[in-house]
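Laboratory data are not the source of any read-out in this text; all were calculated from the coordinates shown. Remember, predicted model here, so these are calculated numbers, not experimental data. Here the Cβ positions follow ideal geometry from the backbone for every residue, glycine too, while neighbour counts run over all protein chains shown.
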Amino acid sequence: MIWLEWRQLRLPVLVLTALAVFLGAAYAAHVLRGLPPFAMVEELGPWANGTRCTLYAGLLQDQESTCKVTTLFASRWFDWWAPLLSTFVAALFGSRLVSGLAFLRLQPLPASRLLLIRLSSGLAALTLTVLISALFVSSRGALNFSWWPAGEIMRSEFWLGTLLVWLRGLYVLLLAACLTQVLPAAVAALISIVSSLALLGLDFDPFVRKLTLVYTPEQFGALAQREALPLDVVQKFIGSHPPAWLELGTAPITWGWMGTWGWMGLILLVLAALVTALFSRTRTP
């Protein structure tokens, strides 16, 4: 069964691996550029994409005034190209979970083993493509922050962002695997793709890690009095001035007592249980 599965998958895996190499190398070579004015810098560090100063005076002066710079790590990679890659790979393999099931029913193999082989092949393809593209992208380097070493950025942000990309793919894989047992494979793949990409434009996408650099008005100085700041000015400022503190910018981090990671884990467990139950029922002659 494993040999038969590999024969069916080797061409798609080779094509997807080539795609992962192309996307990762293209981003590393500045072909897939970010947004101006930082298109030609090595922007694996945080990109400033918004600034908001809240200053209190008079009767409200006892409240803390802050200047917050919203940043997105490795813009155009973790919020666009990498999610597209993981989503389409996972949808492809998730939607083929019951492909050829009529033939598989004739084999003296338990449903649990068939399910394990199919899911393992999908996870292996997803992991391979995400990891290969990430390795190429990581060669691009990081922004030069005087207060944030490039090596620490890679360890604390880049690989965590890569993990979130992989988890997005796992979510799509399990969702497509559930839907394909009650819907045509193409429809199941389309729904899982739309459900993933619909999150990309929302502030509470749990698979994109956003950071907010919080400064005091004293640190921001004269910049705090300006209503509109060019992003290149903000980028130069945050590159040389450490913030008072960092905070996650994604809203779901405060959802209940479990937090984002707890809810993500629970959703993935529920999807995995549904896949197992539906596949076992479908497998029963």
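A few remarks follow.
- Relative packing of 23-32, 67-76, which averages over residues the other C-beta atoms within 10 Å, highest first: 67-76, 23-32
- Close amide H pairs (under 5 Å, H built 1.01 Å from N) link K210 with G249, T250, residues at least 5 positions away or on another chain.
- Between the amide H of L32 and those of Y27, distances stay under 5 Å, these residues lying 5 or more places away or on another chain, with hydrogens modeled in the peptide plane.
- Summarising the amide proton neighbourhood of T66: residues at separation of 5 or more, or on other chains, whose placed amide H is nearer than 5 Å comprise T54.
- Each residue of the range 160-172 was assigned a 3J(HN,Hα) from its phi angle through the Karplus curve 6.51 cos²θ - 1.76 cosθ + 1.60 (θ = phi - 60°); the sequence is 5, x, 5, 4, 5, 4, 5, 5, 4, x, 4, 4, 5 Hz, with glycine and proline shown as x.
- Hz values of 3J(HN,Hα) by residue in the range 266-275 - Karplus curve (6.51, -1.76, 1.60), Gly and Pro given as x: 5, 4, 5, 5, 5, 5, 5, 5, 5, 4
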